[in-house]
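Single-structure report; data block below.
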Amino acid sequence: MDFIELKYGCNPHQKPSKIYVDSGKLPLEVLNGTPGYINFLDTLNGYQLVKELKEATGLPAAASFKHVSPAGAAVGLPLDDTLKKMYFCEDLEGLNDSPIACAYARARGTDRMSSFGDFVALSDTCDLTTAKLLKSEVSDGIIAPDYTDEALEILKAKKRGTYAIIKIDPNYVPEELEVKQVYGIKFLQVRNNSVIDKSLLENIVTKNKNIPDSAKTDLLIALITLKYTQSNSVCYAFGGQTIGVGAGQQSRIHCTRLAGDKADVWQLRRHEKVQNLKFLPTLKRADRDNLIDIYITEGLSSILKNSDWRNYFAECPEELTSEEKRSYLDSLKGVSLGSDAFFPFSDNIERAYRSGVSFVAQPGGSVNDSAVIEACDKYGMVMAFTGLRLFHH
């Protein structure tokens, strides 16, 4: 038996705790820090996600995991100036020369509020640029197949030397069967080895059957992210990354609303008024993220209710009105949406349309499929039935 002793399990009173394999060697090596039980759950799910994303798209991939669900995932496409400003990396030299750094900037940028204190998963070697990007972010740890010496030096200095750094063997192949124990009872099943690729997008059931390659990539990102997201789950993707993940809800309609609200916040971070917010240079990134989120969702008056604007801004911002937000969101199209199971009601489509969704991938199989297809046709959307459920618990 090969094992790693952990400080404790999910909670401090859950001792002893360890990860282990009954035979052979663990495919993991802890290079720094002391990762915990939840860290390793994030690590192993996150690495599977990015490994599959790279296999499906051919592009380096990254994920930002938080408490056993991805806050964001992305592939390594270059960032324009607006995205660089949104993700606070406009001053990082050579960012677009590092696809894996671009992938993480995008993954973290999906939902920066949820990614605070994340665990990072990379499909490729962590290079110097990615380490520099991480240096300025609040993060608990990282897993990657390898690290450059310069990257390791920077990462080992994070969190006063306690930053968790894990190296994984990229050639590791897990056993076909997996076992889980709940309340003393063991569950055995074949691991979820379903392959998600473009062939799943061929059964198009709507009148509009045109899915550009960029949208196919976004749908693959959404579907693979769903495979490692706590069910029920819905994922919005755009431009090579997730932009809204709704997970762990009993109702798929609530998932669609939650993910759609997050996608709307992501889109509105690109609005001119948000881009032009003049923060005090002394404000930390987390404070800026929080203020942006409140400014978009609750309004400037909520920020200034108990405080003067001079505590946060060099210039007093203008209000971003409800009418301006709705007008901006109504102008957007081309977003992709994936669901881990069938949409039971057309309400899902109605809500998705308000967030600019043009492309949908879901398993199909509901008795109400015809109404959902009709709603897609009403808005000119393209819907593919994948035939594949992606429940994850």
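Principal axis extents of the C-alpha atoms in the chain (largest first, rounded to whole Å): 61, 56, 41.
Of all DSSP beta bridges confined to the chain, the antiparallel ones make up roughly 70%. Taking a straight Cα-Cα cut-off under 20 Å and skipping sequence neighbours fewer than 8 places away in the same chain, the aspartates and glutamates within cross-link reach of residue 18 are 2, 5, 29, 42, 140, 169, 175, 178. Pairs exceeding a 25 Å alpha-carbon distance, out of 159/262; 216/333; 198/333: 159/262. Averaging the sequence gap over all C-alpha pairs within less than 8 Å and six or more residues apart, then dividing by the number of residues, gives the chain a relative contact order of 15 percent.
Sorting 389, 108 by the number of Cβ atoms found within 10 Å of their own Cβ, with the fewest placed first, yields 389, 108.
Result for the chain in a Gaussian network model with C-alpha springs under 10 Å: among 336, 17, 231, the largest mean-square fluctuation is at 17.
What does the net charge come to around residue 48 if you take all other residues with beta carbon closer than 10 Å to its beta carbon, with K and R at +1 and D and E at -1? Charge balance in the 10 Å sphere: +2. Candidate cross-link partners of residue 305 among the lysines, defined by an alpha-carbon separation under 23 Å and a same-chain spacing of 8 or more, comprise 273, 278, 284, 325.
Laboratory data are not the source of any read-out in this text; all were calculated from the coordinates shown. Values in this document were obtained by computation on a predicted structure and should not be read as measured data. Quick reminder, even Gly has a Cβ in these numbers, built from the backbone with ideal geometry, and neighbours come from all protein chains shown.
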